[in-house]
Structure formats: structure tokens, C-alpha cells
Amino acid sequence: MIKVNEKGITLVTLVITVILLVIITSILAVNSYTSLKLSSLTKLKNDIESLESRISSYYIKEGRLPTYENPKTKSELRKILNDMSVNDGDNYYTINLEELDNLSLNYGSNWKLLGEDRYIINEESHVIYYVKGITYEGEEYHTIGSNSPVT
């Protein structure tokens, strides 16, 4: 039963509640975005580790890398390799994922349609790069290594 002299919610209480909800929502949105970007980088790391393992086994078994015939030189891939101080020779090949049976990857499977959505490998060092790259906290990542925030 409502008494006549009771008052409802004041405007001040309502405004404070809305402000608190906006603050909490914005904190959750920022944290979700950061987690999503880190998740993308983790997926790239997992893809490259899977490729390294499969390519190593393939190389031991077949005596060659599972790549397409025509090498790409460092000058053709200057866009991604120039800023990375890569010093492992000039021959890079697009990895032929079809030769690696039952390999499930998060990235790189549509390169014939999208061009840069592919993995390349250096002939000498066998280092694998994702051409398209993943941006995290303002930096672009194309491979995994000591400078990667994902360990």
C-alpha cells in the first residue's frame, strides 16, 4: 500500500544510475574489443604453429616444401617484409595448403580470391608469414616470434 507522503525515485537518483550503467557498459565494451583482437592474434599463432608442424613432417617425407611452383622474391613482398628486417634470403613461396591434408586454419584459406589472405614460407629458413597480417595495439603481426604479445 502506498502512503500519501512517500516520494518516488528522484531525478538525481535516476541520473546517477544511468551514468553508472554507461560507465560499466563502456568498460565492458573496451575489454571485449581488446579480448577479440588478442583472440585474433592467438588464432594466427595457432595457425602458424600448425603449419610449421605439418610442413616439417611434409618436408621430411617428400624432401620439398608444399608450395606452388613460382617463388615470390623479397622485392615482390616488400610491403610486409621491409619493416620486419627479414634477413633470410630472397625466395618466398606461397604455401599450397591443399598438399597438407586435413589442415584446418583460421586464416589463409581464401587467398586465391582475396590475394593477400595467404601464408608464405621462406625457402632457406622455413619461416612462415601471413601476408595479410593481424593488427594488435597499433602494430601489425605477420609471423610469431619473440616480439609477439602472444606466448
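Read-outs: derived from the displayed coordinates by stated rules, not from any lab. The model shown is predicted, which means the values in this text are computed figures rather than measured ones. Heads up, the Cβs are rebuilt from the backbone with ideal geometry, glycines too, and the neighbour counts pull from every protein chain shown.
Tell me, what ³J(HN,Hα) does each residue in segment 126-133 have, in order and in whole Hz, if you take phi through Karplus 6.51 cos²θ - 1.76 cosθ + 1.60 with θ = phi - 60° and put x for Gly and Pro?
Running phi through 6.51 cos²θ - 1.76 cosθ + 1.60 with θ = phi - 60° gives 6, 6, 9, 10, 9, 4, 5, x Hz.
Ranking request for peptides 41-49, 15-23: highest mean number of other beta-carbon atoms within 10 Å first, then the rest in descending order.
Values: 41-49: 18.4, 15-23: 10.2.
Ranking the peptides 41-49, 15-23 by packing returns 41-49, 15-23.
Tell me, what ³J(HN,Hα) does each residue in segment 55-66 have, in order and in whole Hz, if you take phi through Karplus 6.51 cos²θ - 1.76 cosθ + 1.60 with θ = phi - 60° and put x for Gly and Pro?
Going residue by residue, I get 5, 4, 4, 4, 5, 5, 6, 9, x, 8, 7, x Hz, with x marking Gly and Pro.
Please list the non-local residues whose amide H lies under 5 Å from the amide H of T67, H modeled 1.01 Å from N, same-chain partners needing a gap of 5 or more.
N96
Quick one: order E62, E69 by neighbouring beta-carbon count within 10 Å, fewest to most. Show your work: numbers first, answer last.
Numbers: E62 10, E69 7.
Placing the least packed residue first, the sequence is E69, E62.
Counting only residues 5 or more places away or on other chains, whose amide H sits under 5 Å from the amide H of R118 once H atoms are built in the peptide plane?
Placed amide hydrogens put V131, K132 under 5 Å from R118.
For a footprinting-style exposure proxy, rank T67, T34 by other Cβ within 10 Å, fewest first.
Values: T67 20, T34 12.
Ascending Cβ contact count within 10 Å gives the list T34, T67.
Near the amide H of Y136, under 5 Å away, which other amide H atoms are found, from residues 5 or more places off or on another chain, if H is placed in the peptide plane?
The answer is Y141.
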